[in-house]
Each structure stands twice: as structure tokens, then as C-alpha cells.
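The values are calculated or read from the model by the stated rules, or taken from the named source; none is laboratory data. As the structure is a computational prediction, the values presented were derived from the model and not from experiment. Ideal geometry is used to build each Cβ from the backbone, glycine not excepted, and the neighbour counts take in all protein chains shown.
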Amino acid sequence: MQQTVENKKATILVTGSSRGIGFEVCLNLAQQPGTKIIATARNIDSLRKLEQQVEKLNNQSVIFPLQLDMENYGFEKALIETLQINKLMPSTVIHNAGLLINKPFAEMTTEDFDRSFSVNTKAVFILSQTLLPFLQKPAHILTISSMGGYQGSAKFPGLSLYSASKAALAVLTECMAEEFKNEGIKANCLALGAVQTEMLAEAFPGYQAPLSANEMAGFIADFALNGHRFFNGKILPVSVSTP
């Protein structure tokens, strides 16, 4: 998909930007002059490194690093403040942040359940709802799910809560698309297969994925900017391989 002229000066929010795919998505988006990127994560030091790389890559793009811990009550207040102070109106939102807990089902705790669904599903609900008054329309809300949460796909031991919370995220995306379809807001979900990231290494030690984080990030960045011209309310598998 070729990026449109209108997207070249987009304002984009990317969660989970401190490493892996989110980090690379921000670098990819920053290559377009005039792009404003609101990059959120828990690790502010990693966000500062991202900011430095963006500045070296293209000083015509601007990045706003924002420390957010989506497990903390009221985390969205810092985002509202950033949007208001800097007069930012995102037209694209990439819900990329995720939490993976790898344990046998019998050893999972209610705390594990709450943490998994809090980050992977509830935070997307809170952020999307918070952003509604600030969105520049037409807008695209893109959620990043997993093939582990895709119905009928292969499932793996130890990832029950991760997979379940990502499956819930996919359906939440469908629901947002339906509710916002007459408001100039579209929502889609990408269910990713194996990508070589720190998270994959934690789940499958020693496994070598067929795609790098940078390769997948290029696809995600382009789809985030242009996919809503072709899709709405879709859960799309993006998978060469699953471990």
C-alpha cells in the first residue's frame, strides 16, 4: 500500500514503544517529514533513546516520549495532559503494548489474570475511550493482537492468559468499529505471527522467527496509515509462521 499525501503529516500515538515492534514502528513513522509521534511505554530511559534516534533519523519529525504504566489506575490522565499542552490531535492510534506471562495453566494466579487483561485488553478500552474527544478524523484505531488469540490457530502451553486477553482485544476491536462507523473512526486488528522480538524470546527461547521486528514494523506502520481506506472491523492474521 502506498502512503497517501494526507498521511505525511500525521499525528500518531504508539503504545509499547520502548522496545521491539513498537520501537521500530516509531522509527519507521519518523521517516516521513512532519510526522508527530506520541510514544508511550513504562521505561522512560528507552523512550529517551528512541527520541535520540528519531532526531538523528529525521529532524523534521517530532516525538513526544510519554511514560505510562497501564497497570496503574488513572494512567490516562498523563496522556490527556500531554495532548492538551501540546495541542495534539492523533489521527492514528496503534495499540501495541502487551504483557506476556508464561506459566502452566495450573500455576496461573488471579493476579496474573488481572495483569494480563489489564494491559492487553482493559488499557486499550481506557485509552480508546479517553482519546475519542481528541481524535482528528478520519481516524484509525489499530490494535495489535496475536495469532495466539486468533480463533482456530495453534495454541501453546503457558500462554493461556496472553492468548485469551489478545482474543478479547480482537473482539473489542470489532465492537469499536461497529460503534464508531458513523463517526469517522475505523478500527482494525492485526493478529501477528512469529516476529523476532524480546517477547518472543521470552516465550520461546531459542526459536528464530522468520521476520525481524523492523520488517513487521514497516508493514504495521503502513497499514496504520492506510489500512482503514480498505478495511474496518477486521481481524487480519499477519503470519508467515507461528512457533
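Would you confirm, using the coordinates I've provided, whether residue 167 is aliphatic (A, V, I, L, M), modelled with pLDDT of 95 or more, more than 19 Å from residue 26 (Cβ to Cβ) and touching a helix residue (DSSP H, G or I) at 6+ places or on another chain (Cβ under 9 Å)?
So residue 167 passes the test.
Could you check, for segment 170-182, whether at least one of its residues is at negative phi, modelled with pLDDT of 95 or more, crowded, with 24+ Cβ neighbours inside 10 Å and outside any helix (DSSP H, G or I)?
No, every residue in segment 170-182 fails to be at negative phi, modelled with pLDDT of 95 or more, crowded, with 24+ Cβ neighbours inside 10 Å and outside any helix (DSSP H, G or I).
The rows are residues; the columns are (1) out of contact with any Pro (no Cβ under 8 Å at 6 or more places or on another chain); (2) in a helix (DSSP H, G or I); (3) modelled with pLDDT of 95 or more; (4) of a type in the set (D, E, K, R).
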| position | (1), (2), (3), (4) |
| --- | --- |
| 13 | no, no, yes, no |
| 18 | yes, no, no, no |
| 33 | yes, no, no, no |
| 39 | no, no, yes, no |
| 49 | yes, yes, yes, yes |
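Check residue 88 against each of (1) hydrophobic (A, V, I, L, M, F, W, C); (2) assigned to a loop (DSSP other than H, G, I, E, B); (3) closer than 26 Å to residue 192 by Cβ and name the one condition it does not meet.
(3)
Restricting the search to segment 199-234, which residues are under 15 Å from the mean Cα position of the chain (by Cα), over 30 Å from residue 157 (Cβ atoms) and either aliphatic (A, V, I, L, M) or part of a loop (DSSP other than H, G, I, E, B) (or both)? Outline the logic, then answer.
Of the residues in segment 199-234, the ones under 15 Å from the mean Cα position of the chain (by Cα) are 199, 213-214, 216-225, 227.
Then drop every residue that is not over 30 Å from residue 157 (Cβ atoms), which leaves 218, 221-225, 227.
Selection gives 221, 224, 225.
Going through segment 63-82 one residue at a time, which ones are touching a strand residue (DSSP E or B) at 6+ places or on another chain (Cβ under 8 Å) and outside any loop (DSSP other than H, G, I, E, B)? Give the derivation first.
Taking segment 63-82 as the starting set, the residues that turn out to be touching a strand residue (DSSP E or B) at 6+ places or on another chain (Cβ under 8 Å) are 63-68, 78-79, 82.
Within segment 63-82, 63, 64, 65, 66, 67, 78, 79, 82 qualify.
With 184, 158, 218 as the choices, which residue is small (Gly, Ala, Ser) and within 20 Å of residue 103 (Cβ to Cβ)?
It is 158.
Output the number of the condition that residue 68 fails; it satisfies all remaining conditions of (1) surrounded by 13 or more Cβ atoms within 10 Å (Cβ to Cβ); (2) under 23 Å from residue 215 (Cβ atoms); (3) free of Cβ contacts under 8 Å to residues at least 60 places away in the same chain.
Of (1) surrounded by 13 or more Cβ atoms within 10 Å (Cβ to Cβ); (2) under 23 Å from residue 215 (Cβ atoms); (3) free of Cβ contacts under 8 Å to residues at least 60 places away in the same chain, only one is false for residue 68: (2).
So which residues in segment 101-149 are within 14 Å of the chain's Cα centre (by Cα) and outside any helix (DSSP H, G or I), if there are any at all?
Correct list: 140, 141, 142, 143, 144, 145, 146.
Select from segment 71-116 the residues that are in contact (Cβ under 8 Å) with a residue 40 or more places away in the chain and basic (Lys, Arg) and write down the one among them that is surrounded by the fewest Cβ atoms within 10 Å (Cβ to Cβ).
Among residues in segment 71-116 that are in contact (Cβ under 8 Å) with a residue 40 or more places away in the chain and basic (Lys, Arg), the one surrounded by the fewest Cβ atoms within 10 Å (Cβ to Cβ) is 103.
From the list 7, 59, which one is at pLDDT below 95 and either farther than 18 Å from residue 226 by Cβ or hydrophobic (A, V, I, L, M, F, W, C) (or both)?
Within the list 7, 59, the selection yields 59.
Is at least one residue of segment 219-229 closer than 22 Å to residue 30 by Cα and either surrounded by fewer than 16 Cβ atoms within 10 Å (Cβ to Cβ) or among the hydroxyl-bearing types (Ser, Thr, Tyr) (or both)?
yes
Where residues in segment 147-179 are free of Cβ contacts under 8 Å to residues at least 40 places away in the same chain and among the aliphatic types (A, V, I, L, M), which of them is farthest from residue 227 (Cα to Cα)?
167
Which condition number does residue 154 fail, the rest of (1) more than 19 Å from the chain's Cα centre (by Cα); (2) in a strand (DSSP E or B); (3) of a type in the set (Gly, Ala, Ser) being met?
So residue 154 meets the others, but not (2).
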